[in-house]
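Derivation of every value follows stated rules applied to the coordinates shown; laboratory data play no part. Just so it is clear, the structure is predicted and the values come from calculations on it, not from any experiment. Note that we place each Cβ from the backbone using ideal geometry, even for glycine, and neighbour counts take in every protein chain shown.
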């Protein structure tokens, strides 16, 4: 059904795409390095995902694509043993710094969501807040998330509904970008519940959904555009790529600004998100 979920590692005819996939990951690593500026905002959503997951004291938790550690450290305050992994070293440095500031014990390492450096059946809970959705190959990352979870373990994550602001934001970026390589999926698809169910069904059951909202304070849509251009990885990379095409760059900025205006009110940008919770099959 979803041919973009092809596992290239298991398909010899597609191994030539690995270079392009690694290039995508390297761009992502660089592009997300300045995401620290969004830490205060994503911190407000972290307790909602932690609560939705049902994680409890004494459990062992992995935060995949952990960013600056907001989800892992929120869970750590509940008496949960936490680890986190992210592709971008600058974010890992910040996560370690945050754990020290909070006086919490946590382990954060640099690594790839498609190649998790953990044993099988190691964690009781795996969480990801707007992170795993950017892994190029959903089938690969889902298989890895399932592998490191214990049977009966909980997977929960937050993504962006495709019909609301952030889903439209990333879809707009894609429309101005080069086509994705074969076998690479759009992150926007992680905002579609039917797609999520299809991707999870081989490894997970008891799939349920929830919704919530973040409100990003900003003086104006123009201020938010500047913040996104500087700190939102995919847009930051695209703005750099279009530096030699001022007309297309202007059109991009106008389109993003118009989208922001549609979800802006009373000095807040509304960002609705989708939460998914499921259980690894035994």
Go through 196-207, 106-117 and give me the packing order, highest mean Cβ count within 10 Å leading.
106-117, 196-207
When the chain is modelled as a GNM with alpha-carbon springs shorter than 10 Å, which of 187, 179, 136 fluctuates the most?
179
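Which whole-number value in Å³ per residue fits the convex hull of the alpha carbons of the chain? Before the final figure, lay out each step's value.
Details: hull volume 34.8 nm³, N = 282.
Value for the chain: 123 Å³ per residue.
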Which value in deg cm²/dmol, rounded to the nearest 500, describes the helix-derived mean residue ellipticity at 222 nm for the chain, given -39,500 (n - 2.57) per DSSP H run of n ≥ 4 and division by the residue count?
-13000 deg cm²/dmol
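For the range 47-112, what relative contact order do you get, as a whole percent, if you take Cα pairs closer than 8 Å and at least 6 residues apart?
On the way: 124 pairs, mean separation 21.0, N = 66.
Contact order relative to length: 32 percent.
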Choice from 135, 156, 40 showing the highest fluctuation, given a GNM over the chain with Cα pairs closer than 10 Å
40
quick note, the chain, DSSP beta bridge pairs, % antiparallel (nearest 5) is 50 percent
For Cα pairs less than 8 Å apart in space and 6+ apart in sequence, what is the mean separation divided by the residue count of the range 148-243, i.e. the relative contact order in percent?
23 percent
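Given a cut-off of under 8 Å on Cα pairs at least six residues apart, what relative contact order in percent is computed for the chain?
Numbers: 535 pairs, mean separation 63.0, N = 282.
RCO, the chain: 22 percent.
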